[in-house]
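Everything below concerns the one structure shown next.
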Amino acid sequence: MNRPRLLVISPRFLFPMDQGGKIRTANILKRMKDGAFEIVLASPAPPDADNFAADIGSVCNRFVGWPEPGRSQLRRIRTLFDPIPVAAATDRSAAGRRAIASLLAEKPDVALVDFPHAAVLLPERIGAASAIFTHNVEAEIFARHAEVARGPMRLVWRDQARKMRIFEGDTLRRFDSVIAVSARDAKALKALYGLGLVEVIDTGVDLEFYAFQPPEAAADPGPGGGRIVFTGAMDWRANIDGIEFLMDEVWPLVLRARPKAEAMIVGRNPPADLVARAGERGLAWCFTGFVDDIRPVVAESHVYAIPLRVGSGTRIKAFEAMAMGRAVVSTTVGVEGLDVGHETHFLAADSAPDFAAAILRLLGDPALRERLARAARARVEERFSWAHVARQFEAICQRALELHRT
């Protein structure tokens with residue numbers, strides 16, 4: 001029996017899964033494969049794409065790629081003067097547009113666009129049931145960057161936020177179905193862009209891969225020590241801002257009470273100036289760069305920190321840390337849209353003094369670390385598996401198909 005065909009158009013090659021959006025999309029597709037839809041995945045492909053053949057085969061029945069567009073600093077500067085935001089303009093690709101036009105000519109039953117940015121690859125008319133997967137409220141990210149930026153960069157971020165509001169609104173209104181990653185994001189998208197129905201999925205976590213490691217598995221921090229860990233791509237501006245906040249404003253307060261405290265910053269491409277700054281200050285900070293597996297580093301740490309001030313959507317890293325049994329300290333932005341509670345599943349802190357106090361409280365109270373860790377693991381087990389999220393997603397795609405047929 002022929003299954004309806006789902007064409008998934010992504011602006012990023014999904015592997016390695018080293019960013020939240022890649023992790024989310026790949027895990028959903030992996031658990032949808034061999035389900036209700038035959039899945040065709042289309043995205044840019046790097047020169048070493050063949051090295052990921054097994055990964056690609058795990059998420060789709062067919063893959064179509066084209067050369068990745070250049071995203072040099074010079075190109076990004078040039079696109080500052082484009083009428084659409086830099087984040088979308090740099091995804092333009094003549095080869096990508098030709099590939100998508102050809103795939104749409106094959107008349108897929110549903111065309112799913114992953115991130116609004118990918119809309120630059122679409123023709124004027126889609127010609128199929130259509131859905132768009134919004135991992136974030138994109139304009140909100142730019143507006144938050146503008147709030148924390150200083151000097152001329154504040155004006156740049158404001159201009160990009162203005163362009164993104166126009167682009168994001170125009171793009172989302174083209175689709176039969178809009179999919180958000182939290183009820184909070186759905187509400188924001190409706191209010192910003194006058195959308196009707198916005199479907200919502202939960203955020204997931206791979207419960208088997210991120211197995212629970214009892215908090216006591218980490219060595220006793222001792223009276224003056226303790227290890228903090230953060231994971232995330234360190235070439236992502238929001239993560240850089242969060243780590244600068246942790247280093248410049250939070251860490252001096254931590255060191256007053258625990259002078260031997262350490263921090264592990266796990267993620268690809270940490271900025272050289274940030275690494276140098278930690279060294280010049282004599283901080284016991286380690287920037288690992290890309291690692292194949294974050295689990296051993298997290299297991300050896302006492303507190304998982306999410307010091308983000310900029311972002312939108314939901315942070316998968318929060319659920320990964322909770323699944324692994326690490327007590328979490330997070331800003332409001334860091335757990336935004338996630339159904340978890342302060343003092344029940346994590347500690348919330350937004351100001352530097354509060355964030356430092358929460359870290360110190362956890363380092364000094366192993367019973368609290370244990371209580372939060374076990375409650376958080378139970379919470380993610382309850383309803384946040386990727387299998388559960390994939391079922392939600394598949395049902396939304398089926399409803400989009402039915403809506404288009406009526």
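Things worth noting here:
- Counting only protein heavy atoms and a probe of 1.4 Å, the accessible surface of the chain is 53% carbon and sulfur.
- With Cα atoms, 0 to 90° folded angle of helix 386-405 axis to the chain main axis: 30
- Where GluC sites (Glu not before Pro) in DSSP loops with at most 15 other Cβ within 10 Å are excluded, longest remaining stretch of the chain: 1-105
- With Cα atoms, 0 to 90° folded angle of helix 152-172 axis to the chain main axis: 40
- Ordered from largest to smallest accessible area (heavy atoms of protein chains, 1.4 Å probe), the residues Cys397, Cys286 come out as Cys286, Cys397.
- Hits among lysines - C-alpha to C-alpha of Lys163 under 24 Å, sequence gap 8 or more where chains match: Lys187, Lys190
- Overall form of the range 70-114 per C-alpha gyration tensor (a/c, 1.5; a/b vs b/c): prolate
- Å² of accessible area per residue within the chain, as computed with a 1.4 Å probe and no ligands counted: 42
- With Cα atoms, 0 to 90° folded angle of helix 20-32 axis to the chain main axis: 60
- Within the same chain, lysines fewer than 8 places from Lys22 are excluded, and of the rest, those with a Cα less than 18 Å from its Cα are Lys30, Lys33, Lys317.
- Of Ala376, Ala356, Ala101, the one that fluctuates the most in a GNM where the chain has Cα springs shorter than 10 Å: Ala101
- Computed accessible area, Leu403, all protein chains, 1.4 angstrom probe, square angstrom: 100
- Around the amide H of Phe346, modelled in the peptide plane, lie the amide H atoms of Gly341, all under 5 Å away and 5 or more residues distant in sequence or on another chain.
The values are calculated or read from the model by the stated rules, or taken from the named source; none is laboratory data. What you are looking at is a predicted structure, and each value in this text was computed from that prediction instead of being measured. A quick note on method: Cβ atoms are made from the backbone with ideal geometry, for glycine too, and the neighbour counts reach across all protein chains shown. All accessible areas refer to the heavy atoms of the entire protein, side chains included, with ligands and DNA or RNA removed. Shrake-Rupley method; radii C 1.70, N 1.55, O 1.52, S 1.80 Å.
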